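Heads up: the structure comes next, in structure tokens.
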Amino acid sequence: MNVFGKDLCEVNVEDLMMLIKEGISEDKELDFKRDLKVDTDNDKKELAKDVCAFANSSGGIILFGIDEDSDAKASELTGVDIESEDELVRRIQQILK
């Protein structure tokens with residue numbers, strides 16, 4: 001299930017803000033992460049664990065740059081600083097291999 005009802009490449013800031021306005025909660029197919037961390041071994045293991053959990057179920061979406069409240073509802077759009085998209089994609093691919 002895609003919470004946005006459209007291709008993820010078409011999702012924009014307004015769609016992300018809708019998550020907060022509507023109080024959308026994490027579930028078995030949606031995970032919010034405030035930060036995108038891939039520097040330490042623990043960061044890499046956490047990312048791999050989250051991706052594996054979705055891969056071993058019905059799939060899902062991990063959204064980075066969204067904070068959640070104590071009820072796992074989207075609460076704030078924080079964004080993520082990315083120096084090089086190509087480098088980040090390469091690093092994530094290496095981690096997941």
Do any residues in the range 5-33 that are touching a residue at least 60 places away in the same chain (Cβ under 8 Å) have Cβ atoms under 7 Å from those of residues that are part of a strand (DSSP E or B) and surrounded by 11 or more Cβ atoms within 10 Å (Cβ to Cβ), where the two are at least six apart or on different chains, and which pairs are they? Leu16/Ile66; Leu16/Leu77; Met17/Leu77
The range 51-71 - residue that is touching a strand residue (DSSP E or B) at 6+ places or on another chain (Cβ under 6 Å) and among the charged types (D, E, K, R) and, of those, least open to solvent (accessible area, probe 1.4 Å): Asp67
Kindly check whether there is at least one residue in the range 1-8 that is in a helix (DSSP H, G or I) and either open to solvent by less than 40 Å² (accessible area, probe 1.4 Å) or of a type in the set (Phe, Trp, Tyr) (or both). no
Could you identify the single residue in Lys28, Lys44, Lys37, Lys21 that is of a type in the set (D, E, K, R) and open to solvent by less than 90 Å² (accessible area, probe 1.4 Å)? Lys44
If Ile95 meets every condition in (1) in a loop (DSSP other than H, G, I, E, B); (2) more than 21 Å from Asn2 (Cβ to Cβ); (3) touching a Leu at 6+ places or on another chain (Cβ under 8 Å); (4) not polar (S, T, N, Q) apart from one, which number is that one? (1)
Any pair with Cβ under 7 angstrom, 6 or more apart, that starts in the range 72-92 at a residue that is modelled with pLDDT of 95 or more and surrounded by 14 or more Cβ atoms within 10 Å (Cβ to Cβ) and ends at one that is of a type in the set (Gly, Ala, Ser) and assigned to a helix (DSSP H, G or I): none
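The values are calculated or read from the model by the stated rules, or taken from the named source; none is laboratory data. Fair warning: this is a prediction, and the values are worked out from it, not measured in the lab. Methodologically, a virtual Cβ is constructed for each residue, glycine included, from the backbone with ideal geometry; neighbour enumeration extends over all protein chains shown. Calculation scope for accessible area: heavy atoms of the full protein, side chains included, ligands and nucleic acids excluded. Shrake-Rupley method; radii C 1.70, N 1.55, O 1.52, S 1.80 Å.
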